[in-house]
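The values are calculated or read from the model by the stated rules, or taken from the named source; none is laboratory data. Worth saying up front: this structure is predicted, and the values here are computed from it rather than measured. Don't worry about glycine lacking a Cβ; one is built from the backbone with ideal geometry, like all the others, and counts go over all protein chains shown. Areas reflect the complete protein model, heavy atoms only, side chains present, ligands, DNA and RNA absent. Shrake-Rupley method; radii C 1.70, N 1.55, O 1.52, S 1.80 Å.
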Amino acid sequence: MNNENAKDDNEIQNKNTPVLSNEDKRDLTMSIRTTKTDVMDPVAYEQMKMISRDMMESKSLPASFTNVSQVQMALMAGHEMGMTTMESLNDLYFVGGKLQIYGKATPAALRRAGWRIRKFEETKDSCTATVFNPKTDEEITDTFTFQDAELSGFTKDKYGNIKLGWKEGANRKRKLRYGVLSQIIHTYLPEVLGSVTGIGDYSEDYMAAEQLDGQYRQAREQEKRAEKLERLQHLDEPEEAEVVK
């Protein structure tokens, strides 16, 4: 009987014994931090984290970056797109917590993805672009017009005046080029953007990213205040408690 009890105790002890020793756990942690996998390159990850901290401490970053994690996210997304460190910080920005790319960076994004611009066919109010992939012989052509930009709400400020960047001339020509390339990427080649959520409004070359983020935050605060006011309006008036004499 005693032998059976001892056997049972040993089995319980064996079940409760950790599969990994502390040394095994240390080796596993070190392996995770140093082994490159399909998920990530941990060495590159740690390097980006160090660079992000140094950049944040330098206070020389665009104002759209408000913390170290945002800087690291931009570096990681830029790395996926083949950007250098400085390209990631200059061409990517945050609006409302979402990472986006400036319209001016779309030609370089296409080139990094293996695409080339064959030609632009332009008028003062339209731009047709043809891009091609020399490896696959694929070719894509699309058109973006000033009317498209107007219908999208890009061309006028809150007072209804046309924005500086959309006035007829060289500025409009450049924005129509960015517009058609952005349209091609969104419609046919979304993989070019990697982890970036989208390409910004083509008027953003003339509007600081921090201003855009400020406008987003202000709009969200106004929405929250309106929701709170609506909830308060639907509350029943509190009844006075009965006084017991």
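Brief remarks follow.
- Members of the range 103-149 found to be touching a strand residue (DSSP E or B) at 6+ places or on another chain (Cβ under 9 Å) and under 16 Å from Gly82 (Cβ atoms), listed by number: Ala105, Thr106, Pro107, Ala109, Leu110, Arg111, Ala113, Gly114, Trp115, Arg116, Asn133
- Look at the range 99-115: where a residue is within 23 Å of Thr136 (Cβ to Cβ) and of a type in the set (D, E, K, R) and a partner is open to solvent by 40 Å² or more (accessible area, probe 1.4 Å) and at pLDDT 80 or above, sitting 6+ places away or on another chain with Cβ atoms under 6 Å, you get Arg112/Gly82.
- Scoring Gln100 on the criteria (1) surrounded by 16 or more Cβ atoms within 10 Å (Cβ to Cβ); (2) assigned to a helix (DSSP H, G or I) leaves a single failure, condition (2).
- The residues in the range 166-212 that are of a type in the set (Asp, Glu) and at pLDDT 85 or above can be counted, and the count is 2.
- Residue match in the range 151-170 (condition: assigned to a helix (DSSP H, G or I) and open to solvent by less than 50 Å² (accessible area, probe 1.4 Å)): yes
- Matching residues, the range 79-95, being within 10 Å of the chain's Cα centre (by Cα) and either open to solvent by 10 Å² or more (accessible area, probe 1.4 Å) or modelled with pLDDT of 85 or more (or both): Leu92, Val95
- Looking across the range 108-130, the residues that are within 21 Å of Val196 (Cα to Cα) and either among the basic types (Lys, Arg) or buried (at least 16 other Cβ atoms within 10 Å of the Cβ) (or both) come down to Ala109, Leu110, Arg111, Arg112, Ala113, Trp115, Arg116.
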